[in-house]
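Participant: Mind having a look at this structure? Questions to follow.
FYI, it's all coordinate maths here, none of it is from the lab. As the structure is a computational prediction, the values presented were derived from the model and not from experiment. Counting neighbours? That spans all protein chains shown, and the Cβs are built from the backbone with ideal geometry, glycine included.
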Amino acid sequence: MSASDKELKDFRTEVSAWMKENNPANPGFLLPQTFMEVGDERQLEFLREWQHKIWSAGYLGMAWPKKYGGRGVEANFQSIADQEMRRNGVPICFNVIGLGWAGPLINEMGTEEEKAKYLKGILNAEDVWCQGFSEPDHGSDLGNAQLRAVRDGDEYVLNGQKIWTTMGNFAKYMIMLARTNPEAPRKYDGLSYFLSPMLVPGIETRPIRKITGEYGFTETFFTDARIPADCIMGEEGQGWKIAMQTLQYERGAEAGAAGGQSMVRVVVDDMISELRDVQRDGEPVLKDPVVRDQLVKAIMEERAMMLGERRSHIGPLTTDYPGSLPLSNKLRATEMTRRMRQLAINLQGAEGALYVGDDEARQGGFWQRAYFNSFSATIGGGTSQVQANIVAEHILGLPK
Amino acid sequence: MSSPGNTALRFSEEQAMLLEVAREFCRNKSPIAEVRAQLETQDGFDQALWDEMVLLGWAGIAVPEACGGSGLGIGALIPVVESMGRAMLGTPLISSALAAQLLLRAGNSEQTERLLPAIAGGSPATVALLDNSDWGDETVSLLLDEERILHGSKKFVPDASVARMVVVSVLHQGEVALAIVRADQLNDGAIYPNTLIDQTKRSANVDFSGVLVDENNLITGPKVAEALRDTRLLGALLVAAEATGASAACLDTIVEYLKTRKQFGKLIGSYQALKHPTVDILTAMDSSRSFIYHAATLLEEGVVDADAEIACRMAKAHAVETLLYAGDRAVQFHGGMGFTYECDAQLYIRRAQWSQQQFGDAQHHRKRLAALLLD
């Protein structure tokens, strides 16, 4: 039976009040805006405690079964909880690879044992998850992954390397794509999918220092690392299929996700509010005609993205160059974000040159760091240039 | 500050049907050869084709049913105008629609019931709003004296030579008013055609001096200023819708060439230097389309409120800059061919420059958006 409007409305009131009351005070250090920015133990412990608190209050994994730590109610409730998290500006639920990708995958395709073993730890933040897909020589070319997994009795022996492992140094488990059969005629058929433990001898992580000076990703090395054979998901050779299912979740399919906001959304309005007291030529920067023109362009770009999202659901308005809106979404959204953050720094006046750590930096250097971090989205998951090629070839039919 | 995040976008079944019919009609009736055949004709369109459009009811889409139209509102006109732009099909449809809107918004019931049925029935009409060359200067200097005789002229009156009726903004007794002038009231030589950069369009400077305006063809009162303001915004939106269609057509032209032209042994569409800007045109055109239908949604009730004003201005600012970019790149990407009159890229680069100058250019609208969004 579906919930009544009144039930949903009452729930919204309840969860909004809870968020207001429990929104943690400023911890005195910059919190990550996305789950890809968890750089040190202090941030990790803060976010772990926060996610645990949200889960304990019953506002995470609401649509997951009760016996696995969920609440077993319809997904509408989680959507409302997520909206209220955003609206109230609370910190992120950082265990995104578990909550949004691995969790839904296990819920959908996992065995009873796997569900019982993994799901609750994802929700209560005890078990951090990471993903081992990308390799140093195979960024976008996932099907060519070379990490070797060789069956030896009731174990697999792993040798090779992964890279760009988000929270690799904090993770207890990894969703991992490895090659079990290098002889397979199709490269895809030689791949298998593992729910691999990270804390075993032979798996080492080396944090990568990012452009921001902080950490968040690791290189992950596998040297004769032994993991139990029952860590394989499905059967040998099914890795590609399961990886594609995972990517569906990663690329934004919300169905099945445990919920929680995975990133702090920053909008043009936030930038404009921050600029209200900035002076240029002895006057408020917001009175400068050139700046005003730039800001209106930024507002329009953001509005166009939101309208495009609306239009993409209206069939008759998507028959000309069909598919262009969803396929160009990543390219457009990430490039817009990058440009907006760059503009925000540019408009700060001389203070735009300050960085995180300077006590006079605006919002603690929030925009400077955010600008640098925005490249993780214009590069990760297929660079903007690759995205443009995809759109050109699939939507416009241009030659490779 | 108005509500900063209005992102309403709806599309009715009626609009969807109009879009489908209009796109099909324009594609079939206005292939590029037909567009080119009209470039140097006096009126710039085929009367028989206009008659067909009138039979389809397009001239009366936004005219109330009581006045002989279908009463669907301006929102229903957007898919038609976009489709016309998609096929670069001229005709006095936009001019007539704006004349109807101005009458509808300022006139009394006697005037609308007398004048609108003719427009809905396909008798072309137009608006004369510009006293100088500055869309940002709303001063009206064309004088209507105490004897109701006009003194002065207007610039860039669209489709002036075919219009049977012109709605003119005038200064009367110190206030802005509207005068309705029939074509047969104009003196010989009063219409001085402009040589436009866009040869698919027609406009003229019109000297109204000496015309005696009938008493029942004068509109005065407080509604006039608001009706003029609304009509300018609707004009901006209709031009934006047309420019959106033209951008898509221009994109077709580019893509077709990139898929067939070879250089250095490769199809030029495989070069990222051409491929990526073409994707930029696609995504910009997508935004134009989202903006115009957003504005159409907010105009459902016909009222041009603050959100609708923002939407119209965004649509105009974005759609014309997109077409400017698309037309410019279309010429460049066609190489030597692009520099010729024979290449269709010229049609789009010319349309872009024309569209930019109608009802205020992109900067004009962004300047006004800044006041609406930032102050």
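Participant: Could you state the angle between the C-alpha long axis of helix A:41-57 and the longest principal axis of the C-alpha atoms of chain A, as a value from 0 to 90 degrees rounded to the nearest 10?
Facilitator: With rounding to tens, the tilt is 90 degrees.
Participant: Right, another one. How large are Rg and Dmax for the range B:264-375 when calculated on the C-alpha trace, in angstrom?
Facilitator: Cα-based Rg and Dmax for the range B:264-375 come out at 17.0, 57 Å.
Participant: Using θ = phi - 60° and the Karplus relation 6.51 cos²θ - 1.76 cosθ + 1.60, list the HN-Hα couplings for the range A:342-350 in order, rounded to whole Hz, with x at every Gly or Pro.
Facilitator: Listing the rounded values in order: 5, 4, 4, 5, 4, 8, 7, x, 4 Hz.
Participant: Then there is this: Loop only by DSSP, 10 or fewer other Cβ within 10 Å of the Cβ. Give me the GluC sites (Glu not before Pro) in the range B:112-197 that pass, ordered by residue number.
Facilitator: Values: sites: B:Glu113, B:Glu138, B:Glu146, B:Glu147, B:Glu175; in loops: B:Glu138, B:Glu146, B:Glu147.
Taking the range B:112-197 and a limit of 10 other Cβ atoms within 10 Å, the loop GluC sites (Glu not before Pro) found are B:Glu146, B:Glu147.
Participant: Relative to the present Cα-Cα distance, how much length would full extension add between B:Ser133 and B:Gln332 at 0.36 nm per residue of separation? Could the numbers behind the result be given before it?
Facilitator: Working: separation 199, 0.36 × 199 = 71.64 nm, distance 3.01 nm.
This chain segment gains 68.6 nm when fully extended.
Participant: If you don't mind, there's one more thing I want to ask. Under a crude label model (7 Å from the Cα following the beta-carbon direction), how far is A:Ser79 from A:Leu199 in nanometres?
Facilitator: 3.8 nm
Participant: Sorting B:Val54, B:Val81 on the 10 Å Cβ count, fewest up front, what's the list? Walk me through the numbers before you get to the answer.
Facilitator: Working: B:Val54 20, B:Val81 27.
Going from least to most buried by this count: B:Val54, B:Val81.
Participant: A follow-up question, please. Residues of the range B:240-258 with backbone nitrogen within less than 18 Å of a virtual label 7 Å along the Cα-to-Cβ line of B:Leu56, please, listed as ranges.
Facilitator: B:241-249
Participant: Something else: Can you give the percent of C-alpha pairs in the range B:245-288 whose distance is more than 13 Å? Each step should come with its number before you reach the end.
Facilitator: Working: 499 of 946 pairs.
Beyond 13 Å sits 53 percent of the P(r) for the range B:245-288.
Participant: Related question: If you take all C-alpha pairs in the protein assembly as shown, what percent of them are over 48 Å apart?
Facilitator: Details: 94230 of 299925 pairs.
For the protein assembly as shown, the share of Cα pairs beyond 48 Å comes to 31 percent.
Participant: Go ahead and collect, in residue order, the members of the range B:272-291 whose backbone nitrogen is under 16 Å from a label point 7 Å along the Cα-Cβ direction of A:Lys400.
Facilitator: B:272
Participant: Just report the Cα centroid separation between the range A:4-76 and the range B:52-82, whole Å.
Facilitator: Measuring centre to centre over Cα atoms gives 52 Å.
Participant: Using Cβ contacts closer than 10 Å as the measure, can you line up A:Ile272, A:Ile54, B:Ile149 from fewest to most?
Facilitator: Numbers: A:Ile272 18, A:Ile54 26, B:Ile149 14.
Ordered from fewest to most neighbouring Cβ atoms within 10 Å, A:Ile272, A:Ile54, B:Ile149 come out as B:Ile149, A:Ile272, A:Ile54.
Participant: Quickly estimate the mean residue ellipticity at 222 nm for the protein assembly as shown, helices only: each DSSP H run with n ≥ 4 gives -39500 (n - 2.57), and the total goes over all residues, rounded to 500. Let's see the in-between values first.
Facilitator: On the way: 23 runs with 351 residues, N = 775.
Helix-only estimate at 222 nm: -15000 deg cm²/dmol.
Participant: So how much slack lies between A:Arg186 and A:Asn88, counting 0.36 nm per residue of separation and subtracting their Cα-Cα distance, in nm?
Facilitator: Fully extending the segment from A:Arg186 to A:Asn88 adds 30.3 nm.
Participant: Taking only the Cα atoms of chain B, how large is their convex hull per residue, in Å³? It would help to have the intermediate numbers written out before the result.
Facilitator: Numbers: hull volume 49.8 nm³, N = 375.
Per residue, the Cα convex hull of chain B comes to 133 Å³.
Participant: In whole Å, what three semi-axes, largest first, describe the equivalent ellipsoid of the range A:143-272 built from its Cα gyration tensor (square root of 5 times each eigenvalue)?
Facilitator: 30, 19, 13
Participant: Could you tell me how many degrees, from 0 to 90 and to the nearest 10, lie between the Cα long axis of helix A:239-250 and the main elongation axis, the longest principal axis, of the Cα atoms of chain A?
Facilitator: Long axis of A:239-250 versus the principal axis of chain A: about 20 degrees.
Participant: Specify the inter-centroid distance of the range A:141-208 and the range B:242-279, based on alpha-carbon positions, in whole Å.
Facilitator: 42 Å
Participant: Something else now. Among the listed pairs A:Lys187/A:Lys210; A:Lys172/A:Lys241; A:Lys53/A:Lys120; B:Lys155/B:Lys367; A:Lys400/B:Lys275, give every one whose C-alpha distance is greater than 21 Å.
Facilitator: On the way: A:Lys187/A:Lys210 32 Å; A:Lys172/A:Lys241 24 Å; A:Lys53/A:Lys120 14 Å; B:Lys155/B:Lys367 24 Å; A:Lys400/B:Lys275 10 Å.
Checking Cα-Cα distances, A:Lys187/A:Lys210; A:Lys172/A:Lys241; B:Lys155/B:Lys367 exceed 21 Å.
Participant: Quick check for you: which residues of the range A:181-217 have the amide N under 11 Å from the point 7 Å beyond the Cα of A:Asp40 toward its beta carbon?
Facilitator: Taking a point 7 Å out along Cα→Cβ of A:Asp40, the residues of the range A:181-217 whose backbone N falls under 11 Å are A:214-215.
Participant: How high is the relative contact order of chain A? Use alpha-carbon pairs under 8 Å, at least six apart in sequence, and give a whole percent. Provide the component values of the computation, followed by the final result.
Facilitator: Values: 649 pairs, mean separation 56.8, N = 400.
So the answer I get is 14 percent.
Participant: Ok, one more. Quick one: 3J(HN,Hα) in Hz for the range A:162-169, Karplus 6.51/-1.76/1.60 with θ = phi - 60°, rounded, Gly and Pro as x.
Facilitator: Here the 3J(HN,Hα) series is 10, 9, 6, 7, 5, 6, x, 7 Hz.
Participant: Right, another one. Once both axes come from the Cα atoms, what is the angle between helix B:109-120 and the longest principal axis of chain B, in degrees from 0 to 90, rounded to 10?
Facilitator: 30 degrees
Participant: Can you tell me which aspartates and glutamates have their Cα less than 15 Å from the Cα of A:Lys117? Leave out same-chain residues fewer than eight positions away.
Facilitator: Of all the aspartates and glutamates, those that pass the test against A:Lys117 - Cα under 15 Å, at least 8 places apart if same chain - are A:Glu108, A:Glu126, A:Asp127, A:Asp230.
Participant: Using the basic label-point model (7 angstrom from Cα toward the beta carbon), what is the A:Asp137 to A:Lys67 distance in nanometres?
Facilitator: With each label point 7 Å from Cα toward Cβ, the separation is 4.6 nm.
Participant: Something else: Excluding B:Tyr293 itself, what net charge comes from residues whose Cβ is under 10 Å from its Cβ, given Lys and Arg +1 and Asp and Glu -1? Present the calculation step by step, with values, prior to reporting the outcome.
Facilitator: Values: positive: A:Arg310, A:Arg311, B:Arg10, B:Arg289; negative: B:Glu82.
After counting each charged neighbour, the total is +3.
Participant: Which whole-number percent gives the relative contact order of chain B, counting Cα pairs below 8 Å spaced six or more residues apart?
Facilitator: Details: 693 pairs, mean separation 66.9, N = 375.
Relative contact order, chain B: 18 percent.
Participant: Using Cα pairs under 8 angstrom and six or more residues apart, how large is the relative contact order of the range B:224-374, in percent?
Facilitator: On the way: 183 pairs, mean separation 47.9, N = 151.
Over the range B:224-374, the number comes to 32 percent.
Participant: Let me ask something additional. Order of A:Tyr193, A:Tyr156 from fewest to most other C-beta atoms within 10 Å? Before the final figure, lay out the partial values.
Facilitator: Values: A:Tyr193 27, A:Tyr156 24.
Listing A:Tyr193, A:Tyr156 from fewest to most nearby Cβ atoms yields A:Tyr156, A:Tyr193.
Participant: When the scattering of the range A:310-400 is computed by the Debye formula from its Cα atoms alone, each counted once and equally, what is log10 I(q)/I(0) at q = 0.10, 0.11, 0.18, 0.22 Å⁻¹?
Facilitator: Treating every Cα as an identical point scatterer, log10 I(q)/I(0) equals -0.39, -0.46, -0.82, -1.00.
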